[in-house]
Amino acid sequence: MRINKFLAYSGVCSRRAADELIIEGVVKINGRVCNPGDDVDISSDSVTVKGKLVNVVKKYDYYIMNKPKGYVCTVKDDKGRKTVMDLLPNNNKRLFPVGRLDYDTEGLLILTNDGDLTFKLTHPKNEVPKTYLVKTEKPVSDEDLIKLRNGVYIDGVKTNKCNVRIVETLKSGSKLHVTITEGRNRQVRKMFEAVNNNVDFLKRIKIGDLALSGLNRGEVRALTPREIDYLMNI
Ligand code: URA
């Protein structure tokens with residue numbers, strides 16, 4: 001993590017104030033005066049400001065979940081359906097899901113109480129890539145692949161260019177990996193509807209390079225500092 005960000009993350013001061021301290025030469029990493037662009041390994045480096053050791057104070061909580069189908073991505077559902085909050089071990093941290101997966105969609109979901117990270121990951125201008133495993137009802141033709149990649153019209157607006165590739169051809173339908181940088185409502189399902197197909201199974205498998213890696217359906221774990229850092233710099 002960049003040193004100025006580390007100092008802000010640790011609650012020492014704002015990032016701008018951290019830049020000033022660094023320029024003043026009062027910030028040391030492992031005993032050596034650091035420069036503005038230096039990185040800190042949160043798990044092993046020791047950082048001091050004016051000789052005082054900086055402890056990482058965790059301001060926020062970050063979790064990754066493998067959402068099963070049959071759960072809604074809200075904190076409370078008006079219709080009384082199960083929500084992803086029901087899957088958290090200890091639901092007293094005012095966490096909220098980052099973006100939405102449909103009731104019938106499964107896979108990678110981040111939950112946090114960090115509004116800045118939520119904004120960063122969900123705002124369309126940031127174009128954070130999200131990858132889905134898709135199983136379609138009917139085989140996807142080469143022509144449809146090209147259409148999907150170049151953009152199709154959903155709700156009257158063309159989708160951005162995206163990555164679509166077939167990973168397996170089944171007797172009925174195709175299995176594909178689809179990476180989109182937008183997050184429109186039911187976007188992947190609607191993209192396939194636009195080429196006269198239907199999605200039978202939908203699972204988010206990655207946000208950027210962050211993958212579920214071994215997390216079973218319904219399981220949740222805290223993100224590691226390295227993963228948090230990755231998402232903050234995505
Ligand atoms: N696209 C969809 O259609 N549904 C989701 O849950 C996510 C992306």
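The values are calculated or read from the model by the stated rules, or taken from the named source; none is laboratory data. Bear in mind the structure is a predicted one, so any value in this text is a computation, not a measurement. Glycine gets a Cβ as well: all are built from the backbone with ideal geometry, and neighbour counts include every protein chain shown. Just the protein is used for accessible areas: all its heavy atoms, side chains included, with ligands, DNA and RNA removed. Shrake-Rupley method; radii C 1.70, N 1.55, O 1.52, S 1.80 Å.
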Got a sec? Which of Lys76, Lys125, Lys161 is at pLDDT below 95, basic (Lys, Arg), open to solvent by 90 Å² or more (accessible area, probe 1.4 Å) and in contact with a helix residue (DSSP H, G or I) (Cβ under 9 Å, 6 or more places away or on another chain)?
-> Lys76
Does segment 147-170 include one or more residues that are closer than 25 Å to Thr83 by Cα and either in contact with a Leu (Cβ under 9 Å, 6 or more places away or on another chain) or assigned to a loop (DSSP other than H, G, I, E, B) (or both)?
-> no
Here are some conditions: (1) away from the ligand (no atom under 13 Å from the Cβ); (2) more than 19 Å from the chain's Cα centre (by Cα); (3) of a type outside the set (A, V, I, L, M, F, W, C). Asp155 meets all but one. Which one does it not meet?
-> (1)
Sort through Lys190, Lys120 and tell me the only one that's part of a helix (DSSP H, G or I), modelled with pLDDT under 95, of a type outside the set (Val, Ile, Thr) and surrounded by 12 or more Cβ atoms within 10 Å (Cβ to Cβ).
-> Lys120
Could we say that Gly156 is out of contact with any helix residue (DSSP H, G or I) (no Cβ under 9 Å at 6 or more places or on another chain) and either of a type in the set (A, V, I, L, M, F, W, C) or outside the structural domain of Lys82 (by TED's automatic domain parsing) (or both) here?
-> yes
Keeping to segment 163-182, report how many residues are touching a Pro at 6+ places or on another chain (Cβ under 8 Å) and within 11 Å of the ligand (Cβ to nearest atom).
-> 2
Could you please let me know if Lys138 is outside the structural domain of Asn66 (by TED's automatic domain parsing), surrounded by fewer than 18 Cβ atoms within 10 Å (Cβ to Cβ) and away from the ligand (no atom under 16 Å from the Cβ)?
-> yes
Tell me, yes or no, whether segment 53-61 has at least one residue that is of a type in the set (Ser, Thr, Tyr) and within 22 Å of Ala222 (Cβ to Cβ).
-> yes
Considering segment 170-179 alone, what residues qualify as being at pLDDT 95 or above and either of a type in the set (Asp, Glu) or open to solvent by 60 Å² or more (accessible area, probe 1.4 Å) (or both)?
-> Lys175
Take segment 211-234 and flag every residue that is of a type in the set (A, V, I, L, M) and buried (at least 18 other Cβ atoms within 10 Å of the Cβ).
-> Leu212, Leu223, Ile228, Leu231
Kindly indicate whether any position in segment 174-182 is out of contact with any helix residue (DSSP H, G or I) (no Cβ under 6 Å at 6 or more places or on another chain), small (Gly, Ala, Ser) and part of a loop (DSSP other than H, G, I, E, B).
-> no
Give segment 193-217 a look and list any residue that's farther than 27 Å from Met1 by Cα, touching a Phe, Trp or Tyr at 6+ places or on another chain (Cβ under 9 Å) and in a loop (DSSP other than H, G, I, E, B), or say none.
-> Ala194, Asn198
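Table: residues versus (1) part of a loop (DSSP other than H, G, I, E, B); (2) within 16 Å of the ligand (Cβ to nearest atom); (3) in contact with a Leu (Cβ under 6 Å, 6 or more places away or on another chain).
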| position | (1), (2), (3) |
| --- | --- |
| Val75 | yes, no, no |
| Asp78 | yes, no, no |
| Arg81 | yes, yes, no |
| Asp86 | no, no, no |
| Pro89 | yes, no, no |
| Arg94 | yes, no, no |
| Asp104 | yes, yes, no |
| Ile110 | no, yes, no |
| Asp116 | no, no, no |
Any idea which of Asn198, Asn185 is of a type in the set (S, T, N, Q), within 16 Å of the ligand (Cβ to nearest atom) and open to solvent by less than 70 Å² (accessible area, probe 1.4 Å)?
-> Asn198
